[in-house]
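The values are calculated or read from the model by the stated rules, or taken from the named source; none is laboratory data. Values in this document were obtained by computation on a predicted structure and should not be read as measured data. Cβ atoms come from the backbone with ideal geometry, glycine included; neighbour counts cover every protein chain shown.
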Amino acid sequence: MAILRTEELTYVYSEGTPFEKTAVDHVNLEIQEGEMVGVMGHTGSGKSTLIQHFNGLLKPTSGKIYLDGRDIWEDKDKIRDVRFKVGLVFQYPEYQIFEETVYKDIAFGPKNMGLDEAEIKRRVLETANDIGISEEMLERSPFELSGGQKRRVAIAGVMAMEPRVLILDEPTAGLDPAGRDKILGLIKKYHERTKNTILIVSHSMEDIARFADKILVMNKARLFCYDTAVNVFSRAEEIEQIGLDVPQITRVFGDLRRSGLDFGKEVYTVGYAKELLLKKLREKEVR
């Protein structure tokens with residue numbers, strides 16, 4: 001069943017003025033419960049505007065958004081409940097940290113939900129474990145932590161609300177490769193435990209290819225494609241034409257195909273490429 005669905009979703013900035021601009025244009029989309037989705041698009045493609053509709057931060061100019069089958073704007077007085085069910089982590093969320101301790105910062109969202117202390121504690125401890133935060137660290141000031149640790153604390157604060165859908169806008173922005181892998185690995189661990197739906201916005205095709213079940217690509221305010229990673233990367237040339245980079249390994253295997261060495265399937269991760277190459281070498285040895 002679709003946890004999120006849009007119906008002719010359209011959003012126009014500065015409507016009726018000389019600065020009018022359509023940022024999302026008649027998007028029809030269904031995201032199934034439990035999927036991990038990578039969201040891609042060049043700057044100005046509409047991807048950030050799109051995700052801000054999913055938890056009601058923006059209201060459509062026209063069209064509808066359904067959460068678990070219900071129009072989220074059917075009763076505008078209940079939009080706060082939607083934001084508890086669809087958690088959004090903005091880029092550089094560590095700048096929004098403000099509490100005295102890490103524990104209090106993670107507990108802020110659950111406390112606003114009106115939960116009792118026992119439930120808040122359970123959520124804080126469980127989420128801290130998911131995101132690699134030790135119990136000792138919970139009593140420290142978040143301002144004493146490294147940049148990567150602060151990022152994890154900020155993400156944990158949204159996770160602790162246990163949203164049905166978790167959206168992360170460039171969660172690895174500004175991190176080195178080791179830091180990116182750490183954050184993405186922890187998000188994957190959280191996904192495996194909760195089975196909740198996760199959307200990750202990223203400019204890195206390599207990151208998306210390794211972690212996403214499906215990939216959503218926006219282009220010029222419209223939905224370019226939404227499909228499995230294999231099917232999306234089979235359109236590598238089209239993706240490059242709209243200004244996005246495909247994974248380097250996909251480009252390499254595309255060159256091999258054009259040179260006459262076709263592996264029969266689209267390759268978009270280094271691990272899978274290694275398997276195919278070893279298989280091909282073993283076949284040659286047998287011959």
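Within segment 54-77, track down each residue that is in a helix (DSSP H, G or I) and more than 22 Å from Gln32 (Cβ to Cβ).
Of the residues in segment 54-77, the ones in a helix (DSSP H, G or I) are 54, 76-77.
Matches in segment 54-77: Lys76, Asp77.
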Tabulated pairs, segment 221-236, first in contact (Cβ under 8 Å) with a residue 12 or more places away in the chain and over 17 Å from Leu50 (Cα atoms), second assigned to a helix (DSSP H, G or I) and of a type in the set (Val, Ile, Thr), C-beta under 8 angstrom, 6+ apart or interchain: Ala229/Ile208; Val232/Ile239; Phe233/Ile239; Phe233/Thr250; Ala236/Thr250
Among the residues listed as Leu125, Leu88, the single one being free of Cβ contacts under 8 Å to residues at least 24 places away in the same chain, hydrophobic (A, V, I, L, M, F, W, C) and either on the phi > 0 side of the Ramachandran plot or in the same structural domain as Leu175 (by TED's automatic domain parsing) (or both): Leu125
Enumeration of residues in segment 13-35 that are farther than 26 Å from Asp77 by Cα and either outside any strand (DSSP E or B) or at pLDDT below 95 (or both): Gly16, Thr17, Pro18, Phe19, Glu20, Gly34, Glu35
From the options Glu94, Glu99, Glu74, Glu15, residue that is in the same structural domain as Leu184 (by TED's automatic domain parsing), over 14 Å from the mean Cα position of the chain (by Cα) and more than 20 Å from Ala160 (Cβ to Cβ): Glu74
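Out of Glu126, Glu136, which single residue is surrounded by 15 or more Cβ atoms within 10 Å (Cβ to Cβ), of a type in the set (Asp, Glu) and not in a loop (DSSP other than H, G, I, E, B)?
Within the list Glu126, Glu136, the selection yields Glu126.
Has segment 246-257 got any residue that is under 27 Å from Arg152 (Cβ atoms), assigned to a loop (DSSP other than H, G, I, E, B), out of contact with any strand residue (DSSP E or B) (no Cβ under 6 Å at 6 or more places or on another chain) and not hydrophobic (A, V, I, L, M, F, W, C)? Walk me through it before giving the result.
Quick first cut of segment 246-257, residues under 27 Å from Arg152 (Cβ atoms) only: 247.
Going one step further and asking which of them are assigned to a loop (DSSP other than H, G, I, E, B), we end up with 247.
Okay, now just the ones that are also out of contact with any strand residue (DSSP E or B) (no Cβ under 6 Å at 6 or more places or on another chain), so 247.
Narrowing further to those that are not hydrophobic (A, V, I, L, M, F, W, C): 247.
Scanning segment 246-257 turns up at least one residue that is under 27 Å from Arg152 (Cβ atoms), assigned to a loop (DSSP other than H, G, I, E, B), out of contact with any strand residue (DSSP E or B) (no Cβ under 6 Å at 6 or more places or on another chain) and not hydrophobic (A, V, I, L, M, F, W, C).
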Test: residue in segment 41-53 that is in a loop (DSSP other than H, G, I, E, B) and of a type in the set (S, T, N, Q): yes
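I'm checking my understanding of the structure. Among residues of segment 40-63 that are under 24 Å from Arg80 (Cβ atoms) and in contact with a Lys or Arg (Cβ under 9 Å, 6 or more places away or on another chain), which one is surrounded by the fewest Cβ atoms within 10 Å (Cβ to Cβ)? Steps first, answer last, please.
So in segment 40-63, the residues under 24 Å from Arg80 (Cβ atoms) come out as 48-63.
Subset that is in contact with a Lys or Arg (Cβ under 9 Å, 6 or more places away or on another chain): 53, 55-57, 59.
Working: His53: 24, Asn55: 22, Gly56: 21, Leu57: 15, Lys59: 12.
So, considering only residues that are under 24 Å from Arg80 (Cβ atoms) and in contact with a Lys or Arg (Cβ under 9 Å, 6 or more places away or on another chain), the one surrounded by the fewest Cβ atoms within 10 Å (Cβ to Cβ) is Lys59.
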Neighbours by Cβ (under 9 Å, 6+ apart or cross-chain): first from segment 136-162, more than 14 Å from Val86 (Cα to Cα) and in contact (Cβ under 8 Å) with a residue 60 or more places away in the chain; second surrounded by fewer than 24 Cβ atoms within 10 Å (Cβ to Cβ) and of a type in the set (Ser, Thr, Tyr): Ala154/Tyr92; Ala154/Tyr95
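Counting just the residues of segment 196-237 that are of a type in the set (Ser, Thr, Tyr) and in a strand (DSSP E or B), which one comes out surrounded by the most Cβ atoms within 10 Å (Cβ to Cβ)? Steps first, answer last, please.
Pass one, segment 196-237, residues of a type in the set (Ser, Thr, Tyr): 197, 202, 204, 226, 228, 234.
Adding the requirement that they be in a strand (DSSP E or B) leaves 197, 226, 228.
Values: Thr197: 22, Tyr226: 19, Thr228: 13.
The residue in question is Thr197.
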Residue under evaluation Ile72, criteria (1) surrounded by 16 or more Cβ atoms within 10 Å (Cβ to Cβ); (2) touching a residue at least 24 places away in the same chain (Cβ under 8 Å), criterion not met: (2)
Condition met for Ala118 (buried (at least 17 other Cβ atoms within 10 Å of the Cβ) and of a type outside the set (S, T, N, Q)): no
Verdict on Ala160 being among the small types (Gly, Ala, Ser), modelled with pLDDT under 90 and over 19 Å from Glu30 (Cα atoms): no
